Amino acid sequence: MSDARQQALDYAQQNRERFLDDLVKIVAIPSVSMQEEHKDDLVRAAEWLAAHLTKIGMDNVQLLPTGKHPVVFGEWMKAGDGAPTVLIYGHYDVQPVDPLDLWKTKPYEATRQGDLLYGRGTSDMKGQAIATLAAVESIMRTSSLPVNVKWLFEGEEEMGSVSMEAFLPKHKDLFAADFCLNPDAGMIAADKPTITYGLRGLAYFDVFVWGPEHDLHSGLYGGTVHNPAQALIELIAGMHDENGSITLPGFYDPVRPISAEEHADMARLPQNVAFYQEQTGVPQLWGEPNYLPVERVGARPTLEVNGFLSGYTGEGSKTVLPAKAMAKISCRLVPDQTPHEVHKQLLAYMEANAPKTIKWEVKLLNAAPTAITDRDLPAVKSMAQAMETVWGVRPLFKREGGSIPVVSLLQDTVGAESVLFGASLPEDNVHAPNERLHLPTWYKAIDAIIHFFYNLG
């Protein structure tokens, strides 16, 4: 191991508590992107990151305006023309903390309990962002980066990166890079380092059904007016068959089959039936019987009801026949599906199956494309080698069930594929009360990023 690499690792070891203090400070900023009341907090978080980039020696640090929250940019381009350029991605926004009464600690006061740090954003993804900053600082303070780096911190990932589609094409030269290091992913377990090479896309809809002009007395009109809630429930129930397959016309036509090699790799993953039952508490799993559970959540498309609203839901009884019903429905997509094609398929399903007794409307709210990274890329191999060095075992490769819109946008606009990894664990309660970060895994992630840069250089 080179002296420079070891010196950077030693620096990271010696400064762990200070890095942790940096994380505590940024967790204290309630940067909830989807709530207007926190608009100023988003700016504060962006300014904090910009100041930190300047402090560790980055150049050309600036806040770039978008349609909503600013993008933080910085760079260090002194490794030479022959060195690769790495775009380091992160997001500084977080999910809302509701329901607040389920938190055991104050969500914006990061609280350490043994090896765990509790607080909103500790795992998703302020902890991951600080890990990249800590790794780069460790190299910069002891030697010099062997690669060129650029930084992109956005403040809208938790609301679908809504400004990125317009923002990135306008700044594609500024963010041009050979590839992107994206730590907004996670590991299967603390002792199982993981690289994510596939992300599902997303199509998110509001579906509305109307019947009478206003709520009706169910005793006077029930049985002669079609209840919109019942009609929508029946329509939703028909969107899956008895095997859990989705019935929208043409839905599976573009779906890329799982290769025998991928199936074998996924069968190696510890995410079996018992794993999912332990993580969720359900008595039995559900879904397409011909696929492994891990394939259903990473390599197969889904259709889920995320919310349903109709009629009276308050205390006591009210015999009402509701005038309307609505549902929020999301589809997770896989290559080569597109959100807009799925929108057409959902419309076709409604047109074919909605009864004449109701009116209806479907609105596409959010769309994110799928993303697949070539596992043979030098950058992916460099990260795999780095993680094996730190954890002592060969990392696992998996396809993630969630979506990170910026990954495909970077592929399309600046031609940069992403290396996806992170210190987040399944039990970290991401997006839920009592979000937490496992600190031993986090410290290992810092070391892995240091090794990654030296492996590249």
Exercise for the section: Please work out which residue is surrounded by the fewest Cβ atoms within 10 Å (Cβ to Cβ), limiting yourself to the range 118-171 and to residues that are of a type in the set (Asp, Glu) and within 25 Å of Lys78 (Cα to Cα). Expected result: Glu137
Problem - Given (1) modelled with pLDDT under 95; (2) out of contact with any strand residue (DSSP E or B) (no Cβ under 9 Å at 6 or more places or on another chain), number of the condition Pro249 does not satisfy - result: (1)
Exercise for the section: State whether one or more residues within the range 190-204 are surrounded by fewer than 24 Cβ atoms within 10 Å (Cβ to Cβ), under 27 Å from Met326 (Cα atoms) and at pLDDT 95 or above. Expected result: yes
Handout entry: Tabulated pairs, the range 186-204, first over 16 Å from Pro369 (Cβ atoms), second part of a loop (DSSP other than H, G, I, E, B) and hydroxyl-bearing (Ser, Thr, Tyr), C-beta under 8 angstrom, 6+ apart or interchain
Key = Gly186/Ser123
Practice task
Hey, can you tell me all the residues within the range 255-267 that are loosely packed, with under 11 Cβ neighbours inside 10 Å and either within 23 Å of the chain's Cα centre (by Cα) or assigned to a helix (DSSP H, G or I) (or both)?
Solution key: Ala260, Glu261, Ala264
Problem - Top-ranked residue in the range 282-298 [being in contact with a Leu (Cβ under 9 Å, 6 or more places away or on another chain) and hydrophobic (A, V, I, L, M, F, W, C); ranked as surrounded by the fewest Cβ atoms within 10 Å (Cβ to Cβ)] - result: Leu292
Practice task
Out of the residues in the range 374-403 that are acidic (Asp, Glu) and in a loop (DSSP other than H, G, I, E, B), state the one that is farthest from Leu202 (Cα to Cα).
Solution key: Asp376
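Residues checked against (1) under 18 Å from the mean Cα position of the chain (by Cα); (2) within 26 Å of Pro96 (Cβ to Cβ); (3) in contact (Cβ under 8 Å) with a residue 24 or more places away in the chain:
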residue: Asn353; (1), (2), (3): no, no, yes
residue: Ile358; (1), (2), (3): no, no, yes
residue: Thr370; (1), (2), (3): yes, no, yes
residue: Arg375; (1), (2), (3): no, no, yes
residue: Val430; (1), (2), (3): yes, yes, yes
residue: Thr441; (1), (2), (3): no, yes, yes
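Considering only residues that are in a helix (DSSP H, G or I) and among the aromatic types (Phe, Trp, Tyr), which ones fall in the range 332-373?
Step one: of the range 332-373, the residues in a helix (DSSP H, G or I) are 339-353.
Scanning the range 332-373 gives a single hit, Tyr349.
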Practice task
Can you work out which of the residues in the range 233-254 that are β-branched (Val, Ile, Thr) and assigned to a helix (DSSP H, G or I) is nearest to the chain's Cα centre (by Cα)?
Solution key: Ile236
Exercise for the section: Would you mind stating whether Gly311 is more than 30 Å from Thr373 (Cα to Cα) and either under 29 Å from the mean Cα position of the chain (by Cα) or free of Cβ contacts under 8 Å to residues at least 40 places away in the same chain (or both)? Expected result: no
Practice task
Name the single residue, out of those in the range 80-134 being in a loop (DSSP other than H, G, I, E, B) and β-branched (Val, Ile, Thr), that is farthest from the chain's Cα centre (by Cα).
Solution key: Thr105
Exercise for the section: Can you tell me which residue within the range 338-348, out of those that are surrounded by fewer than 19 Cβ atoms within 10 Å (Cβ to Cβ) and either among the aliphatic types (A, V, I, L, M) or more than 29 Å from the chain's Cα centre (by Cα) (or both), is nearest to Gly250 (Cα to Cα)? Expected result: Ala348
Handout entry: Those residues of the range 12-65 which are farther than 22 Å from Ile139 by Cα, part of a loop (DSSP other than H, G, I, E, B) and touching a residue at least 40 places away in the same chain (Cβ under 8 Å), in sequence order
Key = Ala28, Ile29, Pro30, Ser31, Ser33, Met34, Gln35
Practice task
Considering each of Gly401, Gly392, Gly316 in turn, give the residue that is within 29 Å of the chain's Cα centre (by Cα) and free of Cβ contacts under 8 Å to residues at least 12 places away in the same chain.
Solution key: Gly392
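Could you say which residue among Lys172, Lys192 is of a type in the set (Lys, Arg) and over 30 Å from Lys444 (Cβ atoms)?
One residue alone meets the criteria, Lys172.
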Completion exercise
Reported set for the range 211-233 where residues are more than 19 Å from Thr313 (Cα to Cα) and among the hydrophobic types (A, V, I, L, M, F, W, C) is Leu220, Val225
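The values are calculated or read from the model by the stated rules, or taken from the named source; none is laboratory data. Given the structure is predicted, the values throughout are model-derived calculations rather than measurements. Note: ideal-geometry Cβ built from the backbone for every residue, glycine included; neighbour counts use all protein chains shown.
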